[in-house]
1. For the stretch 192-259, what is the convex hull volume of the alpha-carbon atoms per residue, in Å³?
2. Working from the alpha-carbon coordinates of the stretch 44-139, get Rg over Rh, Rh being the Kirkwood radius.
3. Among the listed pairs LYS91/LYS125; LYS47/LYS91; LYS47/LYS125; LYS47/LYS101, give every one whose C-alpha distance is greater than 20 Å.
4. Using just the alpha carbons, could you tell me how many Å³ per residue the convex hull of the stretch 151-247 encloses?
5. Residue-wise, which Karplus ³J(HN,Hα) couplings in Hz belong to the stretch 197-212, taking 6.51 cos²θ - 1.76 cosθ + 1.60, θ = phi - 60°, and x for glycine or proline?
6. If R₀ is 35 angstrom, what is the calculated FRET efficiency for the pair THR161 and ASP124, using the beta carbon separation as r and rounding to 0.05?
7. Relative contact order (percent) for the stretch 151-247, with alpha-carbon contacts under 8 angstrom and 6 or more residues of separation?
8. Under 5 Å between amide H atoms, partner at least 5 residues away or on a different chain: which partners does PHE208 have, H built in plane at 1.01 Å?
Amino acid sequence: MQKRLVFLPFLVLSMCLGINVFPGAVDAQDAGITSGSREDMISALQKSVVLIGQARKSAEGGRLVLQHTLGTGFLIYREFTVATVRSRFTKYVDRGRLVVKFRSPSGGDGFQILPAGILYEFPDKDLAFLRVEGSPAEMAGLSRLEVIRDVAEIGSLVGETVMIAGYPRLGDFNRDHPVLRRGMISSTDFRMAGSPIILLELLEIPGFSGAPVIVQDTGHVIGIIPGPEFAKGSDGFQWAVPVTEADYRRAINARSPSQ
């Protein structure tokens, strides 16, 4: 009892001074969103998604101006790596003009547009990784998401609530702000081209291709919303392609930009 009375004033003083009494805790922005409140998870999700498109340089000052949008992507692990869908990079896309757009870390109504290049494209599923050509200062304040270690983990997640964030088409409104949606994992028993695919109780809406699928209780990414060319949803359902740490390692260790 005496030890508890001694510790309590120390804990209060430490909180006032900003001292971390529990050294095992880590900052959510650096380690993903596996811990913390639901509000923290939503904030990190919104700060991790980017709008992918093609841009040109303006006549005034050579600024990058977004011309055409291609879908959604999200920052993963390393601050300059973005996961997205492969099906958006067709022969009609000028890969030399790829960019990512996101809200400026400084807040307000400002936005950043940075050039990006394709790091790796998966030949066997609708997944690709981009490398953003930016500086730490330009991308400071953004969040990076963590993915599951192995695809076998999704088998036990049926019935779990998931959240996604993306840039849908909203009529006359611009696509500068990510939109959140929530659904449920309906099945993990289906396979496509020999690989597992996740069925979500979530209506398919254009613009969410490339959006991360996050388990609400853990904050881990389990998949990515594919393009309709790869797996078109129907009757109130949406497909998701699993994304794992192995996929990420395969991308960053690739010898060539694509395969």
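Coordinate-derived values only; no laboratory data. Just so you know, these numbers come straight off a predicted model, no measurement behind them. We place every Cβ from the backbone using ideal geometry, glycine too, and count neighbours over all the protein chains shown.
1. So the per-residue hull volume is 118 Å³.
2. With Rg and the Kirkwood Rh in hand, the quotient comes to 0.96.
3. LYS47/LYS91; LYS47/LYS125
4. Each residue corresponds to 106 Å³ of Cα convex hull volume.
5. 9, 9, 9, 10, 7, 7, 5, 6, 9, x, x, 8, 4, x, 6, x
6. E between THR161 and ASP124, to the nearest 0.05, is 0.75.
7. Averaging sequence separation for qualifying contacts and normalising by length gives 27 percent for the stretch 151-247.
8. Those qualifying (amide H under 5 Å, at least 5 residues apart or on another chain) number zero.
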